[in-house]
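The values are calculated or read from the model by the stated rules, or taken from the named source; none is laboratory data. This is a predicted model, so every value here is computed, not measured. Glycine also receives a Cβ, built like all others from the backbone with ideal geometry; neighbour counts cover every protein chain displayed. Heads up: the accessible areas ignore ligands, DNA and RNA and are worked out on the full protein's heavy atoms, side chains in. Shrake-Rupley method; radii C 1.70, N 1.55, O 1.52, S 1.80 Å.
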Amino acid sequence: MKKAYAALTALVCLLFASGSFADQPLPWQATLQPAATPIMREIRWFEQYTLWFIVPITLFVLVLLIVVCFKFGASANPVPSKTSHNTIIEVIWTVGPVLILLFLAVPSFNLLTAQLTLPENPDVTLKATATQWQWNYEYAGTGETPLTFDSYLLKDPDRAAAGKVDLATYPRLLAVDNEVVLPVNKTVRVLVTAAPTDVIHAFAMPSFGIKIDAVPGRLNETWFKTEREGLFYGQCSELCGKDHAFMPIAIRVVSEDKYKQWLTAAASDLPGAYKALMAATDGQAKTVDVAENVQ
């Protein structure tokens, strides 16, 4: 009995362990990634809110199916009823779903409005251009020559030279050579598009609660405001060809002072700016860590 209880406890811990890690997908993860923005926090709340409707409805339908199978089968009910209408039941199954949809619609529309209402004066404007199979980033308003760079999937032979050998912080197929660097607690507007001769991609960052298509010849925009520092991972979420799975997105959120220092240094020496930033963040006592515990 004790062994069975221990096994059950371990299984429960395994299923819900994903809630205590952050910012990258985990094996057997059954929940959304921890929120790093107000929008994602609302998305997580709305998911839990809808489960209060989904679970009872699913159980209710299951019970009805079981009752029908046993109570109204040919063996238990050889002479079936010829009843074709029941006013009370018809009113219930019409009004009930309408009320349920109403309770779901109000918070859903509020969340959608918050997502689509773009801030008037963002602190940072970032342009992300997708091509097969990489991302190009441009920091708008950073001088006469805006800071631009490409971001590729980090290959295993290049890890040592980049100083990114820690697979917990820089996981395979998600780590990149050049991360986007942004300040914490600042409103960021993201302009998303794809190269004119390319295909449709999608810019998705689960911890931020954003996903928007990158369409050739069209400029889409979204926004977010991160509430904590860390290294966050996303991916292209639109099938875009043979290397679709190898088109990650990495965003490093740091303090405003570190961001300004990086931005100034990156204008003349991008690799050196990354090395200095990594030394300042990765070297700390896990205050900025991709595996940070977040409840």
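Across the range 79-84, coupling constants 3J(HN,Hα) worked out from phi with the 6.51/-1.76/1.60 Karplus curve, θ = phi - 60°, read 10, x, 6, 9, 5, 10 Hz, and Gly and Pro carry x.
Rg/Rh for the range 120-162 stands at 1.11; both radii use Cα atoms, and Rh follows the Kirkwood definition. The angle separating the long axis of helix 270-281 from the principal Cα axis of greatest extent in the chain is about 60 degrees.
What value in Å³ per residue do you get for the convex hull of the alpha-carbon atoms in the range 63-192?
Per residue, the Cα convex hull of the range 63-192 comes to 279 Å³.
Taking all protein chains in place and a 1.4 Å probe, what share, in percent, of the accessible surface of the range 100-165 do carbon and sulfur account for? Intermediate results must be reported in sequence, preceding the final value.
On the way: 2270 of 3960 Å².
That fraction is 57 percent.
Ordered from largest to smallest accessible area (heavy atoms of protein chains, 1.4 Å probe), the residues LYS242, LYS225 come out as LYS242, LYS225.
By a 1.4 Å probe calculation restricted to protein chains, PHE246 has an accessible surface near 80 Å², given to the nearest 10. Take every Cα pair under 8 Å whose residues are at least 6 apart in sequence, average their separation, divide by the length of the chain, and the relative contact order is 20 percent. The calculated FRET efficiency for the pair GLN48 and GLU120, based on their C-beta separation and a Förster distance of 25 Å, comes to about 0.20.
Largest accessible area first, the listed residues SER207, SER84, SER255 line up as SER84, SER255, SER207 when surface is computed with a 1.4 Å probe on the assembled protein chains. The largest-to-smallest principal axis extents of the Cα set in the range 20-129 are 73, 36, 26 Å. Annotation: amide H-H contacts under 5 Å for LEU147 (H modelled 1.01 Å from N, sequence separation of 5 or more, or interchain): TYR139, THR142. Solvent-accessible surface of the range 63-105, taken per residue with a 1.4 Å probe and all protein chains present: 91 Å². Just checking the listed ones, THR50, THR187, THR281: in the Gaussian network model of the chain with Cα springs under 10 Å, the one fluctuating most is THR50. Of LEU270, LEU59, LEU26, the residue with the greatest mean-square motion in the GNM of the chain, using alpha carbon springs below 10 Å, is LEU59.
Calculate the translational D of the chain in whole µm² s⁻¹ from Stokes-Einstein, where the hydrodynamic radius comes from the Kirkwood formula applied to all Cα pairs, the temperature is 25 °C and the viscosity 0.890 mPa s. Don't skip to the end; give the middle numbers.
Values: Rh = 22.4 Å.
Estimated diffusion coefficient is 110 µm²/s.
Of the solvent-accessible surface of the range 42-88, computed with a 1.4 Å probe and all protein chains present, 75% belongs to carbon and sulfur. Taking only Cα atoms, what is the 0 to 90° angle, nearest 10, from helix 2-16's long axis to the longest principal axis of the chain? Result, in degrees: 60. Solvent-accessible area of GLU179, all protein chains in place: 0 Å² (probe radius 1.4 Å, heavy atoms, ligands and nucleic acids excluded).
Below 13 angstrom from the Cβ of ASP198, what's the summed charge of the other residues (Lys, Arg +1; Asp, Glu -1)? Working shown, then result.
Working: positive: ARG218; negative: ASP213, GLU238, ASP243.
My count for the surroundings of ASP198 gives -2.
When a 1.4 Å probe is rolled over the protein heavy atoms, the share of accessible surface on the range 167-265 that falls to carbon and sulfur comes to 52 percent. Projecting the Cα atoms of ILE54, THR125, MET205 onto the charge dipole of the chain, computed from C-beta unit charges around the Cα centre, puts ILE54 farthest toward the positive end. Other residues whose C-beta falls under 12 angstrom from the C-beta of PHE246 contribute a net charge of +2, scoring Lys and Arg +1 and Asp and Glu -1.
A Gaussian network model of the chain, with springs between Cα atoms under 10 Å, assigns the largest mean-square fluctuation among VAL254, VAL106, VAL61 to VAL61. Mind pulling the angle between the C-alpha long axis of helix 38-71 and the longest principal axis of the chain? Nearest 10 degrees, somewhere in 0 to 90. Result, in degrees: 20.
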